Amino acid sequence: MTAPRATYEVDGAAIRRLRMARGIQIADLARSARISRSYLSRLETGVRRQMRPPTYTALRTALGLDADDAQLLAPSEPNTE
């Protein structure tokens, strides 16, 4: 069994694309996810990239994504070793 993640690194551009594709205003998504509009804006613009698991889950749910859907996560860096 793996330990739960401390934070999730998210892809702000993906959050924005999904929100806009669903026709959701930023204030409405923020309200649905129970986060502030300014916090969501900072995520979308990449100023903020880390989210705690409960907040990440709430945002993913507000966008209608399944628990195993990783669209909001930042792409992992390839291992160059």
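The values are calculated or read from the model by the stated rules, or taken from the named source; none is laboratory data. All figures in this text were calculated on a predicted structure; none of them were measured in a lab. Positions of Cβ are generated from backbone atoms using ideal geometry, with glycine treated the same way; all protein chains shown enter the neighbour counts. Quick note on the areas: whole protein, heavy atoms, side chains included, nothing else; ligands and nucleic acids left out. Shrake-Rupley method; radii C 1.70, N 1.55, O 1.52, S 1.80 Å.
Points to keep in mind about this one:
- Among the residues here, R49 qualifies as in contact with a Leu (Cβ under 9 Å, 6 or more places away or on another chain), open to solvent by 40 Å² or more (accessible area, probe 1.4 Å), of a type outside the set (F, W, Y) and within 12 Å of Y8 (Cβ to Cβ).
Here is a yes/no grid of residues against (1) on the phi < 0 side of the Ramachandran plot; (2) modelled with pLDDT of 95 or more; (3) of a type in the set (G, A, S); (4) in contact with a Ser or Thr (Cβ under 9 Å, 6 or more places away or on another chain):
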{"position": "T2", "(1), (2), (3), (4)": "yes, no, no, no"}
{"position": "T7", "(1), (2), (3), (4)": "yes, no, no, no"}
{"position": "G12", "(1), (2), (3), (4)": "yes, yes, yes, yes"}
{"position": "Q25", "(1), (2), (3), (4)": "yes, yes, no, no"}
{"position": "R31", "(1), (2), (3), (4)": "yes, yes, no, no"}
{"position": "L43", "(1), (2), (3), (4)": "yes, yes, no, no"}
{"position": "Y56", "(1), (2), (3), (4)": "yes, yes, no, yes"}
{"position": "E77", "(1), (2), (3), (4)": "yes, no, no, no"}
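- Yes/no for I15 being surrounded by 16 or more Cβ atoms within 10 Å (Cβ to Cβ) and not in a helix (DSSP H, G or I): no
Residues are listed down the side, and each one gets a yes or a no for (1) basic (K, R); (2) closer than 19 Å to T7 by Cα; (3) assigned to a helix (DSSP H, G or I):
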{"residue": "G23", "(1), (2), (3)": "no, no, no"}
{"residue": "D28", "(1), (2), (3)": "no, no, yes"}
{"residue": "S32", "(1), (2), (3)": "no, no, yes"}
{"residue": "I35", "(1), (2), (3)": "no, yes, no"}
{"residue": "L40", "(1), (2), (3)": "no, yes, yes"}
{"residue": "L43", "(1), (2), (3)": "no, yes, yes"}
{"residue": "T55", "(1), (2), (3)": "no, yes, yes"}
{"residue": "A58", "(1), (2), (3)": "no, yes, yes"}
{"residue": "T61", "(1), (2), (3)": "no, yes, yes"}
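- Once the stretch 52-78 is narrowed to residues that are under 9 Å from the mean Cα position of the chain (by Cα) and hydroxyl-bearing (S, T, Y), the residue that is surrounded by the most Cβ atoms within 10 Å (Cβ to Cβ) is Y56.
- Condition check for L40 on (1) of a type outside the set (G, A, S); (2) within 9 Å of the chain's Cα centre (by Cα); (3) loosely packed, with under 13 Cβ neighbours inside 10 Å: one failure, at (3).
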